[in-house]
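Shown next, in C-alpha cells, is the structure this report addresses.
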Amino acid sequence: MDNNYLITGGTVLTVNSTNEIWHDGAVVVENGRIREVGPSAELEAKYSGMPVIDAKGKVVLPGIVNLHLHSGLIRGTAEDMPVFEWLAKHVDPKHRALTEEEAYAASMLCYAESLLSGTTTVLDMYRYMHRSADAAEQLGMRAVLSPYVADAPPYLYFETLENNVRLIEERNNTANGRIQVWIGLEHLAYCTPEAYRQAADYAERYNVGIHTHGEESQQMARDLHEKFGVWPVELFHQRGILGPRTVLAHCVWMEEVELELMARTGTSAAHCPISNLKLASGISPITSMLERGINVGIGTDGVKENNSLDMLEEMKFVPLLQKVRHLDATVMKAEEVLRMATIGGAKALGLDREIGSLEAGKKADITILDYRKPHLTPFLTGKYDNVVSNLVYSASGSDVDTVLVDGKVLVRGKQLLSGDTDRIMDHAQQAVEQLLLRREAFIPKDFIFPSSRL
Ligand SMILES: [Zn+2]
C-alpha cells in the first residue's frame, strides 16, 4: 500500500460538474487514486492513521493540464520578430541542429518547470520524443507526446510519420498509462495532404489522438485561403483529421465556417494567449468557441514563444483578452478559466474520466497552492468568496507547494522530489550552448515566407 495520503484542512476546489468547493476540506488518496473528497473532520476520523499532508492555509485543486507545449532550450534568444521569420531564422534551424541528448535535457528542464509550477499533464510537441518519454518517466510527469512530423520540403529534417508510429508502438500507454503517444503534425505549411490522410489512418488504427497547429497568423490564413479556396480548419476537415481526439493549437483567426466545423466534429482547441500576444498573432475568439460548445483547454506554447511555462500566469491572460476583445468586463468568469485549465484540457486529451477534477475514482493528480502570501490575502469565503478569483488573477506558479501525479508526491515544500533541479538546469545549460553553436550552420541568409512554398 503506497501512495496513500489524507490531504486535509485546505480549501478543495473539486472542479466537478457543479464546481463544488469544500472549505476545510480533505482529499483521500489511496493507491494512486482519489478515494473520497469531503469535510476534513469527517475524513480525518474515518481515515485516521493515514499519512497526512497538511493543507491548512492552502488551496487544493486538480492538477493543471498544459494543452500545448514544446519542450525547448532557447528561451529568450529570439525576441521581437514576426512569427514566420522567427520560425525560419531561429526555430527551424534549431530543430535541424538538435540532438537526442539535447532533446532529453530540454524535456527534463520543461517538465521540471511544469511540475514546480503546478502542471501535472502536458501535451508536448517536440523532436526525439522517446527522450521526452524518458524524462516524463523519470520525473513522474503525465505526458501526451505528439512529435513534430513534417514531410513537405524543405522540412524533411523534422520527425517522420514512421518515427511517430514507432514511438506509439514502443511507448504509448506506458508508465502506468502516464505516457501516451499521439500523432503530431507541425503545420499546414510543413505537411503534405498525404501526411494528413496517413495521420488520420494511423490515429484510427492505433486509437490515438492527433495534435497540430491551427492558424496563428492572419496572413497565413489568408494565403491558405487564396491558394486552396478554403480556410485552414476546412482544409483539416478535407484532409480527414478533425474529430473528438484532435487538438488544434492557437485557432486565432477563425471564420464562422471553421467554428461550425470544430463544434460539429467535437475538435478541441488549445488556447495560448501569451504566445498569441508576444508573436502579435491576435486574440482567439474563445467566447465564440465556448458558446458553440467547442471544448477549449489552455497551453503555454514553448519557452521560445512565451517565455514561461507557468500555467497560473497563462490563466490570467485568458479572461483579460476576452474582456478587452468584447470591451465587456462581464465576459468570462474565473471559474470558467479554472475549468479550461483542468477538466477542459483533460477532455481534449480524452482523459476526463481519469483526471481533470477531484472526484472519487479519478487518478490522484493534485496541485496544492500556498495561499499564505501577501498577494493572496485576504482569503475570504461565504458572501465575499475570492478563492477562485485569487487563483486566476493573483496566484503564480511560485505559490505551488505540493504536486501529486498518480498519487505520488513529486513536489513538496516547493522542491522537486523526483529529480535534482540543479543537475537538470546544469545539463540544460550545457546542452543549449552546444546547440546554439551547431545551429549557426543552418541559419538561412534570406528569409522566404513559407506560404510562397504552398
Ligand atoms: Zn506551438
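Please treat every number below as a calculation from the coordinates, not as lab data. Source: prediction; values computed, not measured. Using ideal geometry, Cβ is built from the backbone for each residue, glycine included, and neighbour counts are taken over all protein chains shown.
Observations on the structure shown:
- Looking at region 349-428, the chymotrypsin sites (Phe, Trp or Tyr not before Pro) that sit in a DSSP loop and have at most 16 other Cβ atoms within 10 Å of their own Cβ are F379.
- Straight-distance crosslink candidates among aspartates and glutamates, where the alpha carbon sits under 12 Å from K46 and sequence neighbours closer than 8 are dropped: E36
- Degrees between helix 100-116 axis and first principal axis of the chain (Cα, 0 to 90, nearest 10): 40 degrees
- Evaluated at q = 0.14, 0.15, 0.19, 0.21 Å⁻¹, the base-10 log of the normalised Debye intensity for region 254-391, with identical point scatterers placed on the Cα atoms, takes the values -0.74, -0.85, -1.29, -1.44.
- Around the amide H of R35, modelled in the peptide plane, lie the amide H atoms of V28, V29, E30, G361, all under 5 Å away and 5 or more residues distant in sequence or on another chain.
- Taking amide H as placed 1.01 Å from N in the peptide plane, the amide H of H68 sits under 5 Å from that of L123, G299, T300, D301, each at least 5 places away or on another chain.
- Nearby lysines by direct alpha-carbon distance to K94 (threshold 21 angstrom, same-chain neighbours under 8 apart not counted): K278, K304, K445
- P(r) tail fraction, region 29-107 - alpha-carbon pairs more than 23 Å apart, %: 53 percent
- Local charge for V27 was computed over the other residues whose Cβ lies under 15 Å away, with Lys and Arg +1 and Asp and Glu -1, and equals -3.
- Binned Cα-Cα distances of region 138-211, short to long, each 10 Å bin given as a whole percent: 21, 50, 24, 5
- Beta bridge orientation in the chain: antiparallel %, DSSP, nearest 5: 50 percent
- For region 1-149, with +1 on Lys and Arg beta carbons and -1 on Asp and Glu, the positive-most of L87, V52, Y128 along the dipole: L87
- Radius of gyration and Dmax over the Cα atoms of the chain, both given in Å: 21.3, 70
- Charge tally around R439: other residues with Cβ under 14 Å, Lys/Arg +1 each, Asp/Glu -1 each, net +2.
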